[in-house]
1. For the list (1) surrounded by fewer than 22 Cβ atoms within 10 Å (Cβ to Cβ); (2) within 19 Å of A55 (Cβ to Cβ); (3) hydrophobic (A, V, I, L, M, F, W, C), I need the number of the one condition that I207 fails.
2. Can you give me the number of residues within segment 167-186 that are free of Cβ contacts under 8 Å to residues at least 60 places away in the same chain, surrounded by fewer than 18 Cβ atoms within 10 Å (Cβ to Cβ) and in contact with a helix residue (DSSP H, G or I) (Cβ under 6 Å, 6 or more places away or on another chain)?
3. Would you check which residues across segment 68-86 are touching a residue at least 60 places away in the same chain (Cβ under 8 Å) and in contact with a strand residue (DSSP E or B) (Cβ under 9 Å, 6 or more places away or on another chain) and list them?
4. Just a yes or no: is a residue in segment 124-134 at pLDDT below 95, on the phi > 0 side of the Ramachandran plot and surrounded by fewer than 18 Cβ atoms within 10 Å (Cβ to Cβ)?
5. Which of the helices (runs of 4 or more DSSP H) contained wholly in segment 121-226 include at least 3 residues that are more than 18 Å from P97 (Cα to Cα)?
6. Of these, A55, A81, A92, which one is touching a Ser or Thr at 6+ places or on another chain (Cβ under 9 Å), small (G, A, S), under 16 Å from F111 (Cα atoms) and at pLDDT 95 or above?
Amino acid sequence: MTLSRRTVLSSLAVVPAGLILSACSDSGQESTAANAAPASAASAAPQPSGTLDMAEVLKPGALPDKAKGSDDAKVTVVEYASMTCSHCANFAVNTYPEVEKKYVDTGKVRFILREFPFDPRAEAGFMLARCAGDNYFPMVDVLFKQQQNWAAAENVKDAMFQLAKLAGFTQESFNACLTDQNLLEQVRAVQKRGAEEFKIDSTPTFIINGKVYKGALSIDEISAVIDPLL
């Protein structure tokens, strides 16, 4: 179906704001792993839900991967996330900074974030991050930290624009980004590939050296997975 150039910009308010933050799966249900009690430091590593060929996972997709860390790292983590997923925001705000300090900044882990939006607001968030250029990760960080203030807002366009201005967007560049049909199709293609090729069906989902883990892993859980691989 051919979509108009205003698809995302004009459909931001279509999904009721009160339902957005529970959209951590395609059915609106939160993943089982995300609801599990946090592991203690002495806990065994969580069990993977499946295994993938990492060479296939890392093949180029519709958009170039956004990554942090050394290309030569022994461990590669790919996170599929949705900007409106509360569990993704929890991981981004409370766990990822520790992962970055302990593993990414030390060259042990290469961390890749991939788009897996479930609704127009999540699509818009990722589009703005892509349009931010070198500020991709800072834009993602702001959107996750301020998730409650925009993802569930009644006037989501204004709420998102106020945050986008912090990354240098003008009203004109904001509108241009969210009416970029090619970019929208590329973001959707990243999600489609994840769903069809790698069977991703909830967020966050992590692929760590080929093993698949669903849910917002705690620092203890992700450490228990990564440490034996180093």
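1. In the conditions (1) surrounded by fewer than 22 Cβ atoms within 10 Å (Cβ to Cβ); (2) within 19 Å of A55 (Cβ to Cβ); (3) hydrophobic (A, V, I, L, M, F, W, C), I207 misses (1) alone.
2. Residues that pass the stated criteria total 0.
3. Restricting attention to segment 68-86, the residues satisfying the condition of being touching a residue at least 60 places away in the same chain (Cβ under 8 Å) are 68, 74-86.
If the condition is that a residue be touching a residue at least 60 places away in the same chain (Cβ under 8 Å) and in contact with a strand residue (DSSP E or B) (Cβ under 9 Å, 6 or more places away or on another chain), then K68, K74, V75, T76, V77, V78, E79, Y80, A81, S82, M83, C85 are the ones that fit.
4. Yes, segment 124-134 contains a residue that is at pLDDT below 95, on the phi > 0 side of the Ramachandran plot and surrounded by fewer than 18 Cβ atoms within 10 Å (Cβ to Cβ).
5. Details: elements: 136-145, 147-150, 156-165, 171-178, 181-198, 219-226.
Answer list for segment 121-226: 147-150, 156-165, 171-178, 181-198.
6. Values: A55 fails: touching a Ser or Thr at 6+ places or on another chain (Cβ under 9 Å); A92 fails: touching a Ser or Thr at 6+ places or on another chain (Cβ under 9 Å).
Answer to the check: A81.
Yes/no per residue for (1) under 20 Å from Q186 (Cβ atoms); (2) open to solvent by 20 Å² or more (accessible area, probe 1.4 Å):
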site: S70; (1), (2): no, yes
site: T84; (1), (2): yes, no
site: V93; (1), (2): no, yes
site: V99; (1), (2): no, no
site: R114; (1), (2): yes, no
site: F137; (1), (2): yes, yes
site: V140; (1), (2): yes, no
site: F144; (1), (2): no, no
site: A151; (1), (2): no, no
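The values are calculated or read from the model by the stated rules, or taken from the named source; none is laboratory data. Remember, it's a predicted structure, so these values are computed and weren't measured experimentally. Reconstructed Cβ throughout: ideal geometry from the backbone, glycine too, with neighbour counts over all protein chains shown. We work out accessible area using only protein heavy atoms, side chains counted, and drop any ligands, DNA or RNA first. Shrake-Rupley method; radii C 1.70, N 1.55, O 1.52, S 1.80 Å.
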